[in-house]
């Protein structure tokens, strides 16, 4: 069963560490070995994996994404969030992480982030482990 | 079994809504719960998920990708489609979508798009649902 | 079981063809039909799929990524590898490839590449096939 987990964001663009939510869902499923999927059912938010130590890395990623895809650039979409759609397309809507011995196989520096590109908002993620 | 589905494109860069193809493949597999994979066996095309309501969003994504990765930029690859290879690398060659109750779990605004970056051409996608 | 495979890189930014490693892991698992996952447990390296014929394509992708995300851009992260974190976020930390008849379903021009963005280094990839 896919577990639907709420995530709240507090800024227009924000990376929220969701390791705790994902680890809890993995424990609840009780699968020893397989693949964990994290998916967002949105079009202006994404999921990524990145450094968990220095918070400056997240700030650098956000600042550079804002530069690569400017908030305003004569977009035709009139809701003011075209840049959010484009950033989500680049970052992606899902990640997969190996599961071994009932635990996520994250590298030493890896954490999983919900990437808000059009907040602040109440959002959701879906998490599931496939056995195998 | 992976289902191979033909997709035809009509422009150099074009996002084709493939929800219908993917939903039909999911129905044909008859799996109630699991993960649906959509994969392109190409190097100048990709797969993304994005807004299904306002077509201006797709135009904005395409216009911005064309700006981030210009068609001509002193590329060494001589076939004239280096930009297409780079865009496909950024957008990605596969997406996964949860399946519950035999149906794709797409968010309200989400549709699945085949992303042509070097068309027009006859292309293929692979679709499959893993049970679990 | 996830197979952990070492990969060594020899440049700051380098795309290493890992088809051989992945094919060997797929053979070792002996699964006829399913999905092969390739995952990096790093935050400054990624995995992509792209052209295997003309090596100029890889050079063009690397050159353009270096332009989109400059090595130096007043980043706050002080280790000198902020650009590597951002590039990895754009390229992604995993790929999936269909498996049929015990073999990877790669398109004619597709190969799988480990993407080093902060080398040279000793790295690892994880490979696994889920049956289904």
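Every number here is computed from the coordinates shown, using simple stated rules; none is lab data. Quantities reported herein were computed from a predicted structural model and do not represent experimental measurements. Positions of Cβ are generated from backbone atoms using ideal geometry, with glycine treated the same way; all protein chains shown enter the neighbour counts.
Taking a ≥ b ≥ c as the square roots of the eigenvalues of the Cα gyration tensor, an a/c ratio below 1.5 marks the protein assembly as shown as rounded.
With a 10 Å cut-off around each Cβ of B:108-117, the average count of Cβ atoms from other chains is 2.
Per-residue ellipticity at 222 nm from helix content only, as computed over chain A with -39500 (n - 2.57) for each DSSP H run of at least four residues, stands at -8000 deg cm²/dmol.
Of A:60, A:33, A:19, the residue with the greatest mean-square motion in the GNM of chain A, using alpha carbon springs below 10 Å, is A:60.
Note: relative contact order over chain C, using C-alpha pairs below 8 Å and six or more positions apart, is 54 percent.
Working ranking of peptides B:107-117, B:37-47, A:3-13, C:96-106 by packing, defined as the average number of other Cβ atoms within 10 Å per residue, highest first, is B:37-47, B:107-117, C:96-106, A:3-13.
Each distinct pair of alpha carbons in segment A:69-126 adds a 1/r term; the inverse of their mean, the Kirkwood radius, is 14.0 Å. Summary of the geometry: segment A:32-75 and segment C:61-132, compared by the centres of their Cα atoms, lie 15 Å apart.
R0 = 30 Å: FRET efficiency of residue B:11 with residue C:33, Cβ-based, nearest 0.05?
Values: r = 35 Å, r/R0 = 1.16.
The formula returns an efficiency of 0.30 here.
Label-point distances for residue A:33 to the equivalent site in the other copies, using a point 7 angstrom along Cα→C-beta, read 2.3, 2.3 nm when ranked shortest first. For the peptide B:54-67, the mean number of other protein chain Cβ atoms found within 10 angstrom of a residue's Cβ is 6.
Averaged over the residues of peptide B:74-85, the number of Cβ atoms from other protein chains lying within 10 Å of each residue's Cβ is 5. The long axis of helix C:82-91 is offset from the longest Cα principal axis of chain C by roughly 30 degrees.
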